[in-house]
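Asker: Quick one: the structure is below, and I'll ask about it shortly.
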Amino acid sequence: MSHKFHPESKMMSHGFKPSLSEGAIKSPVFQTSTFVFDKAEDGKAFFELAYGKREPNENEKSGLIYSRLNNPNLQILEERLCLWDKADQAAVFESGMAAISTVLLEFLKPGDLLLYSRPVYGGTDHFIHEVLPQFQIDVVEFYAGQSEEEIIANIEKTGKADKLKLVYCETPANPTNALIDFDVCKRIKEKYATEDKPVYFAADNTYMGPLWQHPLAHGADLVIYSATKYIGGHSDLIAGVVLGSDELMARIKGLRTFLGNMAAPYTGWLLMRSLETLKIRMEAQQANAIQVADFLKDHPKVEKVYYLGQLAKNSEEYKIYKRQNSGPGAMIAFEVKGGEKEVFKVLNQLELIKLAVSLGSTESLVQHPKTMTHAGVPEEDLQRLGVTDNLIRLSVGVENYEDLIWDLNQALETI
């Protein structure tokens, strides 16, 4: 009898054969740099496949060569990650920024044009504005709420519309939860693509994790994660992931091989451990966030709350949310009455919630985007993006929500 198991069920064993590891119920850590070939002919065959010198024969798979090329921990992990987004392949990197920068470097060449949404993560913003120009790559930005016609007009104004090679978005945006419409990105990509000049669409899905949003199902060619966040989920590792089609992932993995920025075996093992509880962790975090956001909305010391669960039902953002997301997530931003002084009072008074950057972990984390994660973004851009002096970003964890509300309330009472 056949049965199609859900991803959360397959996270326990998919891609791993205990018989190949002395019957171990869980994959061991394959802490090795290289692998022994049974015979010279095997080594030749493995390298031919690894370097694309020929197509595999029927039922032939590339064997293990060297941990910069392949390692059992990463191979098993990548197979499991594909289940959530229904991707052909995944590639795991040593950090989220390693994943992002590899995508940008692989699909953009000197003279090309990048279209990207704002706001994005501060590290991504820095790479786009400080590193890509050194490779003579031009960029044009767009914002949540801009019309498709306005975005296209801005592309045309560059005089390099025919050079557009990549559409890149991060949604919901960090830190304001602003939503970018996948359908608009897809249509723009298709408008400028030609038979001999494809345009690709990549989406950073870190804020929603692999549970609440699936960009590949909405026309994205690549989906990117900082796996440090929800996928890792325990604040004890740094990693990144890219997922997509066989064709595009062959390019990504090829560049990863020569940049050498793949994740280490132990990081892969830790991520496999985390995947087993990803769904129950994220569901608990979301349930807590809904309660916390409702509390903040009615607090007299809070001016505004940015949370997907509180979008006005007649708004354009709500329509995008209902198309793209299966839940509001666990990321909240809110503005307190006052400025930096008042924000710092609140941050310094918190007892249970920890003052630290990052997000998506089991513990709740809070930070001040303007002076921390987005400190490198120019002041005029911060104002347009809504990253103000009185904005706080909160990543809700798995603690008891009543304790989180108590902690926030006693901290807010200091202003």
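Asker: Is region 221-232 home to any residue that is among the small types (Gly, Ala, Ser) and surrounded by fewer than 22 Cβ atoms within 10 Å (Cβ to Cβ)?
Answerer: no
Asker: Considering each residue of region 294-327, count those that are part of a loop (DSSP other than H, G, I, E, B) and either under 19 Å from Gly145 (Cβ atoms) or of a type in the set (D, E, K, R) (or both), and give that number.
Answerer: Qualifying residue count, region 294-327: 8.
Asker: Look at Leu113 and say whether it is surrounded by 15 or more Cβ atoms within 10 Å (Cβ to Cβ), modelled with pLDDT of 95 or more and either in contact with a strand residue (DSSP E or B) (Cβ under 7 Å, 6 or more places away or on another chain) or aromatic (Phe, Trp, Tyr) (or both).
Answerer: Criteria met by Leu113.
Asker: On to the next question. Between residues in region 259-287 that are part of a helix (DSSP H, G or I) and residues that are among the hydroxyl-bearing types (Ser, Thr, Tyr) and surrounded by 19 or more Cβ atoms within 10 Å (Cβ to Cβ), which pairs lie under 6 Å by C-beta distance while being six or more apart or on different chains?
Answerer: Matching pairs, first to second residue: Met282/Tyr230.
Asker: Right, another one. Could you tell me whether region 177-197 includes any residue that is within 30 Å of Ser9 (Cα to Cα), touching a Leu at 6+ places or on another chain (Cβ under 6 Å) and of a type in the set (Ser, Thr, Tyr)?
Answerer: Taking every residue of region 177-197 in turn, none turns out to be within 30 Å of Ser9 (Cα to Cα), touching a Leu at 6+ places or on another chain (Cβ under 6 Å) and of a type in the set (Ser, Thr, Tyr).
Asker: Of all residues in region 363-415, count the ones that are within 21 Å of the chain's Cα centre (by Cα), surrounded by fewer than 15 Cβ atoms within 10 Å (Cβ to Cβ) and over 20 Å from Tyr306 (Cβ atoms).
Answerer: Counting residues in region 363-415 that are within 21 Å of the chain's Cα centre (by Cα), surrounded by fewer than 15 Cβ atoms within 10 Å (Cβ to Cβ) and over 20 Å from Tyr306 (Cβ atoms) gives 1.
Asker: So which pairs qualify, if the first residue must be in region 129-144 and exposed (fewer than 13 other Cβ atoms within 10 Å of the Cβ), the second must be of a type in the set (Gly, Ala, Ser) and not in a strand (DSSP E or B), the Cβ gap must be under 9 Å, and the two must be at least 6 apart or on different chains?
Answerer: Cβ pairs passing all conditions: Glu130/Gly376; Gln136/Gly111.
Asker: Output the residues belonging to region 61-72 that are at pLDDT below 85 and surrounded by 11 or more Cβ atoms within 10 Å (Cβ to Cβ).
Answerer: Ser62
Asker: Within region 1-97, which helices (runs of 4 or more DSSP H) (wholly inside it) include 1 or more residues that are closer than 30 Å to Ser358 by Cα? Give the derivation first.
Answerer: Numbers: elements: 7-10, 40-50, 72-85.
Output list reads 7-10, 72-85.
Asker: Among the residues of region 193-205, is there at least one that is surrounded by fewer than 22 Cβ atoms within 10 Å (Cβ to Cβ) and touching a residue at least 40 places away in the same chain (Cβ under 8 Å)? I'd like the intermediate steps shown before the answer.
Answerer: Of region 193-205, the ones surrounded by fewer than 22 Cβ atoms within 10 Å (Cβ to Cβ) are 193-200.
Right, trim to touching a residue at least 40 places away in the same chain (Cβ under 8 Å) and you get 200.
Within region 193-205 (the criterion being surrounded by fewer than 22 Cβ atoms within 10 Å (Cβ to Cβ) and touching a residue at least 40 places away in the same chain (Cβ under 8 Å)), the answer is yes, since at least one residue qualifies.
Asker: Let me ask another. Against the condition in contact with a Pro (Cβ under 6 Å, 6 or more places away or on another chain) and either modelled with pLDDT of 95 or more or at negative phi (or both), how does Gln75 come out, does it pass?
Answerer: Here the answer is no, as Gln75 does not meet what is asked.
Asker: If you don't mind, another one. Exactly one of (1) buried (at least 16 other Cβ atoms within 10 Å of the Cβ); (2) touching a residue at least 24 places away in the same chain (Cβ under 8 Å) is unmet by Phe46. Its number?
Answerer: (2)
The values are calculated or read from the model by the stated rules, or taken from the named source; none is laboratory data. A quick note: this is a predicted structure, and the numbers were derived from the prediction, not measured. Every residue, glycine as well, gets a Cβ built from its backbone with ideal geometry; the counts of neighbours run over all protein chains shown.
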